[in-house]
Amino acid sequence: MGDTKKGMGEFKVHRVRFFNYVPVGIRCVAYNHQSNRLAVSRLDGSVEIYNLAANSFQEKFFPGHEGRSTEALCWAKGQRLFSAGLNGDIIEYDLEKLGVKYSVDGFGGPIWSMAADPSGSYLAIGCEDGSVKLFQVAPDKIQLERTLERQKGRILSLSWHPSGTHIAAGSIDYVAVLDVRSGNTTQKMLMDKRHPGSQRRRCVVWGVAFLSDGTIVSTDSAGMVQFWDSETGTLVQTHPLASSDVLSIAVAEKEDSMVVGTAEGTIFHFQLIPSRSDGKQSQWVRTKPFQYHTHDVRSVAHSPTALISGGVDAHLVIRPLMEKVEVKNYDAALRKITFPHRRLISCAKKMQLLLFQFPQRLELWRLGTTDAAGKNEDILPLSRNAEHLLQLKKKGPENICCSCISPCGSWIAYSTASRFYLYRMNYENNTVSIKRVSKVPKFLNSALQILFSADSTKLFVASNQGCLHVVQLSEGALKHLHTFHPQSGTLEAMSLLAVSPDGNWLAAAGMSSGVSIYDLKHLKPHCAVPAYNFPVTALAIAPDTNNLVIAHADQQPLPDDKTPLFNQHSLREASENIRRRHAHAFKISKKFQPLLFMDLLDEGTLVAVERPLEDIIAQLPPPIKRKKFGT
């Protein structure tokens, strides 16, 4: 669990495996063609945005909320992001301030589906009461324009015809075609009941896709993908895919390829293949299935070069279409993203404490200790086991978005989307007591990043307004020292903070890849590091030299493929001549995986927090082979 290892030549390493973090399942994925970004919503209402052009880096995050269940997610008007759910509200997100801009009642009960028209000017929502409602996307808000002809049964899936004139709506046992101008139903296709065993069960239309030629593709709970002629309402083609539900569908922008996901965790790829040599007739052909998920694939997306999927097992899978990728390199590799690209762990080095952040609580642990000495690679016995000292539950319905413990262990701070909390810790006779600091200034609300100075006397808080607050800490009180305001015309939220060990410098990175440096001695801006093409993923200021080290999402060039990198063990056994010739600055260890956190406790000790994937899988519910609707 928390064994202490002597390794990598000169470090004692605390290998920590008691961070019981389980990622939340994925409900929706939505691809934005204009910006090459992917929005992902999870079952706790949290939303993430990945920059696919920057090695699929998760550059933005909106924390979850107990009252927010996200059933649908879509982009409109270019860069505007909306979600809707069973609480009946539509939400727009503020992508600069990283918060909810507003929420609007959909006026139709729980919302099951949502889609933007091809121009991005209208949102259609599918409601519990059988209505499809159209909202106009105005510059600063959305407003209800009208309700189309009400259907019988909830509207579980929606798709606009690329011309914007008609909408396909999937419900239980049928797909309806609605004329947007008149609001009338022009066609109703009843689901094929001939599938074995389907006579006794209702057929739920989980997904629909409306193609330019008038074809509607449906996916359903009977395990079928069906192709319909929307003009005549006739069934053209049927593909029985699975013994369980086909839950999701997405079509490439060129309409030559589509992807569907099933409740068995399988993804199927369909391609439009010419069926005649002159190329005038084509047919949809199912290509090889992929099994990257253990559980239900709740949502899929199709970028120009990749199939994207997410579901109950919490993996975001990005599978490049090799025929669309020009260069076969790292960018073309399959991505399986499981963990957030942000810090969930902080360390009180002097007290050897770790603070773990979960969406709804914080846990404080003390590291184990060893009195033994050993040689390289030895596993040393613990003289004292790791100890769980404290659990701190969040207050209110909002989930925790950031947290930090001071290096001395005396302060813990965390923030939700609208409230900031600070606690004073006391350690006496093996007992821990905690006291909340009641008088927290209003301007500290909604922190996106929190950091303490190395001597624990100052607190740095990055707000979602783009401001950086500097606060002096004393026994049980706060004193506001200064606020660094964003440059005029920018409201960009700061996503990463780093402070120099001597307390003189603070570095802050925004999402546009620039890094600002602040002089803490004189409380004034010092300089800015020029913006780079890729977002900043990590920042640190080195002790003694005060050199700033910045890592970017494109991974700054490490030695190339042809550079032989010997590990320390191999080098030790090599001759002096080879050792000198192959000396390099990189010490590579693949021992710690997957690695969520690593830090130096002191000059000779490292702490590494791992989260083995098998531990996560063991905590997921068993895969569901056949689902009943409404359970």
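Some points to look at:
- Under 5 Å between amide hydrogens, built in the peptide plane, is the criterion, and for residue 204 it picks out 173, 221, 222 among residues at least 5 positions away or on other chains.
- Between segment 251-271 and segment 513-532, the alpha-carbon centres lie 46 Å apart.
- Cα gyration tensor category, rounded, prolate or oblate, for segment 18-136 with a/c compared to 1.5: oblate
- Restricting segment 66-163 to trypsin sites (Lys or Arg not before Pro) that sit in a DSSP loop and have at most 12 other Cβ atoms within 10 Å of their own Cβ leaves 141, 152.
- For segment 9-79: rounded, prolate or oblate by the Cα gyration tensor [a/c cutoff 1.5]: oblate
- Of the GluC sites (Glu not before Pro) found in segment 1-95, those that fall in a DSSP loop while having at most 16 other beta-carbon atoms within 10 Å are 10, 66.
- Solvent-accessible area per residue in segment 63-190 equals 38 Å², computed with a 1.4 angstrom probe and all protein chains kept.
- Taking a ≥ b ≥ c as the square roots of the Cα gyration tensor eigenvalues, segment 226-326 comes out oblate, since a/c reaches at least 1.5 and a/b does not exceed b/c.
- Pairs from the list 12/591; 97/521; 479/524 with a Cα-Cα gap above 24 Å: 97/521.
- For segment 40-179, with all protein chains in place and a probe radius of 1.4 Å, 48% of the accessible heavy-atom surface sits on carbon or sulfur.
- Ranked packing of 537-549, 114-126, 358-370, most packed first, by mean Cβ within 10 Å: 114-126, 358-370, 537-549
- For the listed peptides 434-443, 268-277, 210-219, a ranking on the average number of other beta carbons within 10 Å per residue, highest first, reads 210-219, 268-277, 434-443.
- Our helix-only sum for the chain, with -39,500 (n - 2.57) per DSSP H run of n ≥ 4 divided by its residues, gives a mean residue ellipticity at 222 nm of -500 deg cm²/dmol.
The values are calculated or read from the model by the stated rules, or taken from the named source; none is laboratory data. Computed from a predicted model, the values in this text were never measured in an experiment. Reconstructed Cβ throughout: ideal geometry from the backbone, glycine too, with neighbour counts over all protein chains shown. Ligands, DNA and RNA are excluded from the accessible area calculation, which covers all protein heavy atoms including side chains. Shrake-Rupley method; radii C 1.70, N 1.55, O 1.52, S 1.80 Å.
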